[in-house]
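Readers should treat all values here as calculations from the given coordinates under stated rules, not as data from a laboratory. What you see is a predicted model, and the numbers here were worked out from it, not measured in a lab. Cβ coordinates were reconstructed from backbone atoms using ideal geometry, including for glycine residues, and neighbour counts include every protein chain displayed.
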Amino acid sequence: MRNINVFIVLSLLLLGMLGYKVYEYDHQMQFTKKTILQNEIHTISDFIDAFSKTYQDILDQGHIDINESTLELMPVKSLSQISQRFSEHTNEEVLIRSVSDQPRNPNNKANAFEMEMINYFEEHPEENEIFVKKEDTYHYIKPLRITQSCIQCHGDKEQTLPFIRENYLTGFGYKVGDVRGVLNIQIKDRGYFSAMYENFQNMLTGSIIVYLIFLLIIGILIARMRADSEAYTHRLKKEISSKTKKLAKQKDIFETLYEKSSDGILILENGKMVRCNQMIVDMLEYSSKEEVLNLHPSKLSPPRQPDGRDSYKKVEEMVEIARTNKIHQFEWVLRKATGEDFYVDVTMTPMELDDRKVIYVIWKDITDKKKTQQALLEQKDVLEYQANHDTLTDLPNRKYFNIRLQQEIDETRKSNKKLALFFIDLDNFKQINDSLGHQVGDRVLVIVSERLKGTIRAKDTLARLGGDEFTIIMKDIEKMSDAAVLAKHIQETLTQPFHIEEHSLYISCSIGISFCPQDSEKASDLIKYADAAMYKAKEEGRSNYQFYSYELTEMAMERVVIQTNLREAIRNHEFSLLYQQQVKADTLEHIGLEALIRWNHKEFGVVSADKFISIAEESGLIIEIDQWVMRTAMDQIARWYHEGLNPGILSLNLSLRQLRSEHFIDVLKNCMQESGFEPKWLELEITEKQMMHNPEEFISRLQELSNMGIEIAMDDFGTGYTSLAYLKRLPVKKLKIDQSFVKNIPEVKEDVVIVEAMLALAGALNIDTIAEGVESKEELEFLRDHNCTYVQGYYVGKPMSAEEISAKLS
C-alpha cells in the first residue's frame, strides 16, 4: 500500500513538474510578448519625450513667440495632432494620448481610467511608469510631472507666458513636481504569438508521452527508494537530537554573555524596548528591568539632544538610518533616574528575532571620554588665547594683530570706507625702566593699555607689538580727520599723570598713521608706513602725530640702513675726530677744542653726526661710540700737552645713556689714567633737554664729576626749559647757547631778546657762556657787546683734523 502511495506521490510530482513546465513556458511567452510591447512603447515614449523637450527648449530659449499661429506648435497642441495621425497610420492598433486632469485643450481631458492613474501617481510619487493590460489592450502609463519650464503654461496666471495669460482667465496653480496628467500609450493584441502557441501544443503532447514513460520507471524505483528512506530517517533523527542539544548550549552561552556584558544591550521593536540586559538598568540607575521595558528610548533621555533636536524624532530617524544602512553608530545623551545626564555611544543593527523585525542596540558609556575631550578643547582654547595675546596687558599680540589687520583690509576692499593704522610709541619709556625698574615700567604699560582701550570704539582693534609699541586698527572711517581726532584724544589721555607707588610719572607718545587704501592695501606696507610716520613724529620733537608720506618711508629706510652700518662702523674703525676751536669773545684767544665725530662710510662718504647720533642713542650704540671718542680725544690732547703745545680745554658731548651707566666714572678714570690726561683739561657737555628730564637723578652724578676737577657745561641752552631752581643746584660752569638762536641775531628781534636774557641770566649767576654757530662778524660783535664769554663757529674756526690743529698750535 505504501509503495502505491509513494508511486502516486511521485506521479503527482512529475505531473506537477510537467504542469510547472507548461506554466513556465506560457509565462515565458507572455513575458517575451510583454517585453517586446514594452520596448516598442518605450521607444514611442522616448520619442514623444524628446519631441516635447525639443519644443520646450525652443520655447524656453525664445526662438518662437507664442501667438494664435504658433500656439499649435506647443507640445500640448502638436502632440495631440501627431498622436491622432499616428493612430490612423497604424489602423488604431497603437493609440497615443497625452491627457491632463485640467487641460486647456478639451481633447486632452483624461478619461476615468486615466484619472485613476493620475490619482495613483499623486499618491505614489516614487513610481515613474505602469504597464497594464485591460481586455485585449496593453497600456503604458507615464506620469507627466510639472517642471520649472511647465510653469510657463500650467502655473499660476502670474507665472505664465504673456499670450497664455491674455487668453485664459486663470492658471492651474500647479507647482514643480505636481502630476498634471499622464501619457497613455495603448497597443492592441495583434496576434503575433499564434504560431508560438501551436508549437507549444505540439510540445505539450510530446511531454505527456514522456511523462507516461517516466511513470513506469518511477514505479520500478519506488521499492528501492523506500528502503533508503527508512535508513535516512533514522540518521536524520539522530542528527536533529545532537544539534538540538548544541543549540541549547549556545543559547545558554549567549544568555550569559548578554546579561554579563559590560555594555548595555537592548532590543527595540516598534519603537519600544522589549528586552534589555542588567547593564541597561545599572546605567540608568533604575531598580528593575520592568521600569524601563516597553518605553520609547526618548523617555529615558532629556527632551532635546545637544544638537537641539527633539529626542523622540531623532530616535525615529536613527532607526530609519539603521534599517537603510544595515547598521548605524552615533552618540546619544541619556538621563538617569536621578536626573543626571550621561553620554553613550549607540550602535543599532537591524535583525530578525523569532520571525520579527527588531533593532539590536548596544550602549557604551562614554561620559568620561566626553569630559576628557571637553577638557582638551578648553585647554586648546586657553593655549590658543595665550598664543594670540600679550601676557602683561592681555591685549592682542603681534601674531593676532597681523591676522586681524589682514581681515580688516579684506573687509575694507569690499566697502567704500577707509581704514587707519596707528603705530604708537611711548616717548622716553626706557628711562622709566632704567631709573625706576621694570616693575614700575610694567605697571605703566598696563595703565597705558587700559587708557588706550578707553579711547577706541568697540569695533576697533588695539594690540601690543612688544616693549612700549602699541597699534590700533581703526576701521570704517569716512575721512582722515577721524583718525586725527583719535590721535589727539590718545595724546590727551596719555599725558595725564601716572601715580605708581610714590611716583607721579608723566609720559607722552609719538603716533604714526597710515591709511588703507590710500597708502596701500598690503598689510606689510601699512605697518611700515605707520612706523615711518611715527619716527617722523619723534624727530618733530615727540608728543605729536604724523601721517605717512613717501618721504617718511625713505627716511625710515635710511634709519634702518644707518643703524645696520653703525655696528660695522665700530668694528671697522670708520670713525674719525675733528676739532673746533673755542675762543674768547673779546680777544679771540684760543681757550679749548670741542671734539666732533665724523663717520667716513665706504659707500656714503662722510656722514655727519646729526644723521646718526640720535639713532645711536636709541639703539644703545651711543655708549660704545662715546667711549671711543673719549679715549681718542684724550689721547690726542694729552699728546699735545706732552709735546709742549697748549690745546686748552677738551669739550666732549656726554650722552644720557653714558651718564646713567654705572661704570661710567670708572671708564672715565681709566681713560684719563691710560692716556695721562688731567681732569682739569676736560669739559663735559650734556644737553639741557637731557639734564632737565630728571634733574634729581643727575645732580649727584654731575657733582661727583665736578669734584674730580672736571667742568660741566649745559649744551643747547634755551631749548629745554630749564628750571632756575635746578640751574642753581647743578654744578654747571658754562652755558652753551644753541646756534638756532645765534644764527638770527641781530635781525630777528625775538631771538635778540632771548639771547640777551640768557646772557644776562648767566652773568647774574656768575656762569660763563659760549655761543655756538657764530658765522658772521655781526653775530660776533653782538655777542661781545652783550658780554658773552666765549664763542665757536665757522667765523672764528671751522672743524679741523688733528694735523691741522697741531700746525695751528705750533
Candidate aspartates and glutamates for bridging to residue 243, where Cα separation is under 17 Å - those fewer than 8 sequence places away on the same chain excluded
252
Ranked packing of 145-153, 305-313, most packed first, by mean Cβ within 10 Å:
145-153, 305-313
Apply the Karplus parameterisation 6.51 cos²θ - 1.76 cosθ + 1.60, with θ equal to phi minus 60°, to every residue of the range 790-804 and state each ³J(HN,Hα) to the nearest whole Hz, in sequence, with x for glycine and proline.
10, 9, 8, x, 4, 5, 9, x, 7, x, 10, 6, 4, 5, 5
Just the projected area, averaged over all directions, of the convex hull on the alpha carbon atoms of the chain: how many nm²?
72.4 nm²
Taking amide H positions as placed 1.01 Å from N in the peptide plane, with prolines and chain starts having none, which residues 5 or more places from residue 275, or on another chain, fall under 5 Å of its amide H?
267
Taking the alpha-carbon centre of each part, the distance from the range 442-499 to the range 725-756 in Å is 38 Å
Degrees separating the helix 550-571 axis from the principal Cα axis of the chain, which is the longest one
70 degrees
Can you figure out the FRET efficiency of residue 589 with residue 492, using R₀ = 60 Å and their beta-carbon distance, to the nearest 0.05?
0.70
Kindly put 626, 341 in sequence by how many other C-beta atoms sit within 10 Å of each C-beta, fewest to most.
341, 626
Which FRET efficiency, nearest 0.05, do residue 54 and residue 309 yield, Cβ-Cβ r, R0 41 Å?
0.30
Placing +1 at every Lys and Arg Cβ and -1 at every Asp and Glu Cβ, with all other atoms neutral, what dipole size does the chain have around its Cα centre, in debye to the nearest 20?
4560 debye
Quick calc: nm separation of the 7 Å Cα→Cβ label points for residue 89 and residue 479 -> 8.0 nm
Pull out the extension gain between residue 416 and residue 704, defined as 0.36 nm times the separation in residues minus the alpha carbon to alpha carbon distance; nm, one decimal.
97.3 nm
Where the centroid of each part is defined by its Cα atoms, how far is the range 336-368 from the range 647-669 in Å?
85 Å
Could you calculate the contour length gain from residue 327 to residue 355, that is, 0.36 nm times the residue separation minus the distance between their Cα atoms, to one decimal place in nm?
8.2 nm
For the range 435-446, just list the computed ³J(HN,Hα) in residue order, Karplus coefficients 6.51, -1.76 and 1.60, θ = phi - 60°, integers in Hz, with x standing in for Gly and Pro.
8, 10, x, 5, 4, 5, x, 5, 4, 4, 4, 5
In nm, give the distance between the simple-model label positions of residue 115 and residue 217, each being 7 Å from the Cα along the Cα-to-Cβ direction.
6.2 nm
Quick one: P(r) of the range 403-520 from all Cα-Cα pairs, 5 Å bins, percents rounded to integers, in order of increasing distance.
2, 11, 22, 22, 16, 11, 8, 5, 3, 1, 0
Of the listed links 399/538; 399/453; 21/326; 602/798; 109/134; 536/736, those spanning more than 31 angstrom between alpha carbons are 21/326
Answer with one residue from 512, 242, 632: the one whose Cα lies farthest towards the positive end of the charge dipole of the chain, charges on Cβ with Lys, Arg +1 and Asp, Glu -1.
242
In Å and whole numbers, how far do the C-alpha atoms of the range 261-371 stretch along each principal axis, longest first?
38, 31, 22
Charges only on Cβ, +1 for Lys and Arg, -1 for Asp and Glu: so what's the dipole of the range 570-809 about the Cα centre, in debye to the nearest 20?
340 debye
Cβ-derived FRET efficiency at R0 51 Å, residue 378 paired with residue 614, nearest 0.05:
0.55
Highest first, please rank the peptides 173-181, 320-328 by the mean number of other Cβ atoms sitting within 10 Å of their residues.
173-181, 320-328
Out of 471, 458, 735, whose Cα points farthest toward the positive end of the dipole of the chain (charges: +1 Lys, Arg; -1 Asp, Glu; placed on Cβ)?
458
Express in nm, to one decimal, how much length is gained between residue 299 and residue 781 on full extension, taking 0.36 nm for each residue of separation and deducting their alpha carbon distance.
162.7 nm
Residue pairs, from the table 430/680; 370/475; 430/728; 430/611, whose Cα atoms sit over 30 Å apart
430/680; 370/475
